[in-house]
Amino acid sequence: MAQAGDTAHVEGQQHPIGIYFKVWGLLFVLSAGSYAVDYYHVESYLRWSLILLFMMLKAGFIVAYFMHMRWERLALIYAIILPPVLVLIFMGLMTFEADYTFFTRDLFFSMGK
Amino acid sequence: MTDTTLTESSHVAPKPDGMKGFVNDWSSDQRAFKNVSWGKAMMWIFLLSDTFIFSCFLLSYMKVRMSTTVPWPHSSEVFALSFGGEPIPLILIAIMTFILISSSGTMAMAVMFGYKKDRRTTAILMLVTALFGASFVGMQVFEWTKLIVEEGVRPWGNPMGAAQFGSTFFMITGFHGFHVSIGVIFLLIVARKVWRGDYDRETRGFFTSRKGNYESVEVMGLYWHFVDLVWVFIFAFFYLW
């Protein structure tokens, strides 16, 4: 039937409940992981790579499974996911800016002494 | 019946997937989001704009924190809480994180039961989600009170270090808490509609006067998961830094 595709749309996103429980458990484990990083005072580069890794994994699982992005068409996925990627570039720019601002401030305050 | 009106459809190949499907959808000179209703697409676009707002907050916080010459207060110690004994670092924040994740889990299942047209389970799961959300806001109120009254943190300064700590903290968590509060109200409204069977009877909404269906639960879920998503980033950048 020509209608088959449309009927599937009307029914909406239907997935077995097990997926939600698995993702839920995984999110718990990942959160516990990032809390443990702080609790056991993991420092410097290892700390940051772990925190960012857990963060990205959590965000990815929430968007992909809870928000059903995994089962959407690419047209929507790209429209929603690409703009935040550009924000990451903005983020990089601001990090460089911050270093520069810090350097100028540091210089200014040390000259005042 | 429908075959007569869709005479052209016999020529139309099924929508291709992957990159080709992406190009086809966007260049089709029609709606770009083929199997997504307007309500869902608009919720996604709203969430995208909200992402920009939160990104701006987090970015400015990040820049301020990196460029200040005064030491930043130790979030691990500031947000520590003791239950009679030694203070446990970030314990309240960890509990809040788990509560919000659990609320996301119950919401995802509410969406599933909604599409199964199981009104009772959907409404109950949404109420549980709202309850989790309300307790999250309650804990945030407790946290703010402790910070303002006991630690003396103000938007313009605090006794522990960089003055910007207060302004960024109140701005970011305040905006997030506001989102959670609105979400709880939104949840209660949709849960009431589910409970009454508005989506089974396709009752017209009083605001849009359009026929409702169970997709509203999914759209509501998108908003709720987004609130959880933002907390993931706040947790990493504000509390764990």
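Descriptive notes on the structure:
- Residue ID - nearest to the other protein chains (Cβ to nearest Cβ), chosen from residues in the stretch B:191-211 that are among the β-branched types (Val, Ile, Thr) and farther than 19 Å from B:Val36 by Cα: B:Val194
- Scanning the stretch B:83-103 turns up one or more residues that are free of Cβ contacts under 8 Å to residues at least 12 places away in the same chain and at the interface with another protein chain (Cβ under 8 Å from one of its Cβ atoms).
- Extreme residue, modelled with the lowest pLDDT, among residues of the stretch B:165-219 that are farther than 30 Å from B:Leu147 by Cα and β-branched (Val, Ile, Thr): B:Thr208
- Where a residue in the stretch B:212-237 is facing chain A (nearest Cβ under 10 Å) and over 21 Å from B:Phe113 (Cα atoms) and its partner, wherever it lies, is not small (Gly, Ala, Ser) and not in a helix (DSSP H, G or I), with Cβ under 9 Å and at least six apart: B:Leu229/A:Met67
- Test: residue in the stretch B:144-155 that is closer than 27 Å to B:Val70 by Cβ, within 13 Å of chain A (Cβ to nearest Cβ) and in contact (Cβ under 8 Å) with a residue 60 or more places away in the chain: no
- Within the stretch B:104-127, restricting attention to residues that are more than 13 Å from chain A (Cβ to nearest Cβ) and in contact with a helix residue (DSSP H, G or I) (Cβ under 6 Å, 6 or more places away or on another chain), the residue that is surrounded by the most Cβ atoms within 10 Å (Cβ to Cβ) is B:Met126.
- Positions within the stretch A:86-113 being at the interface with chain B (Cβ under 9 Å from one of its Cβ atoms) and either of a type in the set (Lys, Arg) or touching a residue at least 60 places away in the same chain (Cβ under 8 Å) (or both), in sequence order: A:Arg105
The values are calculated or read from the model by the stated rules, or taken from the named source; none is laboratory data. As the structure is a prediction and not an experimental result, all values here were calculated from the model. Virtual Cβ from ideal backbone geometry, glycine too; neighbours counted across all protein chains shown.
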